[in-house]
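For reference, the structure is listed below as C-alpha cells.
Only the coordinates and a few stated rules stand behind these numbers; no lab work does. Every value quoted in this text rests on a predicted model; they were computed, and no experiment measured them. Ideal geometry is used to build each Cβ from the backbone, glycine not excepted, and the neighbour counts take in all protein chains shown.
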Amino acid sequence: MNKIGLMAAPALLLFLPGCIARTAANIVTMPVRAGSQVVDWSTTSQEESDRNYGRKMRKQEAREARERKKEEEQRRRECRNAGYDNCG
C-alpha cells in the first residue's frame, strides 16, 4: 500500500498546477463576470423591450375595445329610451 501511495503522489502533483491555475483564473475573472451580470440585469434587451411594448399595446387595445362596446351599448340604450325602434 505504501508503494502505491508513493507512486501516485507524483502523478497527483502533475495535475495540481492545472487546478491551481484554473482556480486563479476563475478568481481573477470573477469581478468581470459579476459586473457583466449586473449590467445584463439592469439593462433591457431589444427583444425584451419589443415584447413589453407588444404586451402594453394589446392591453391598451383590449381596454379601448371594452370602452367602445360600453359606449355603443349606452348609445343604443339612449336611442331606445328616446322612443326609436331602429337603434342598430
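For labels at residue 41 and residue 62 in the simple 7 Å Cα→Cβ model, what's the distance in nm?
With each label placed 7 Å out from Cα toward Cβ, I get 3.0 nm.
Taking the Cα centre of segment 43-88 as the origin and placing charges on Cβ (Lys, Arg +1; Asp, Glu -1), which of 45, 84, 62 is farthest toward the positive end of the dipole?
84
How big is D for segment 20-88, in µm² s⁻¹ as a whole number, if Stokes-Einstein is applied with the Kirkwood radius of its Cα pairs at 25 °C and 0.890 mPa s?
Calculated translational D: 141 µm²/s.
With charges set only on the Cβ (+1 for Lys and Arg, -1 for Asp and Glu), what does the dipole of segment 26-88 come to about its Cα centre, in debye to the nearest 20?
Taking the Cα centre of segment 26-88 as origin, the dipole is about 260 debye.
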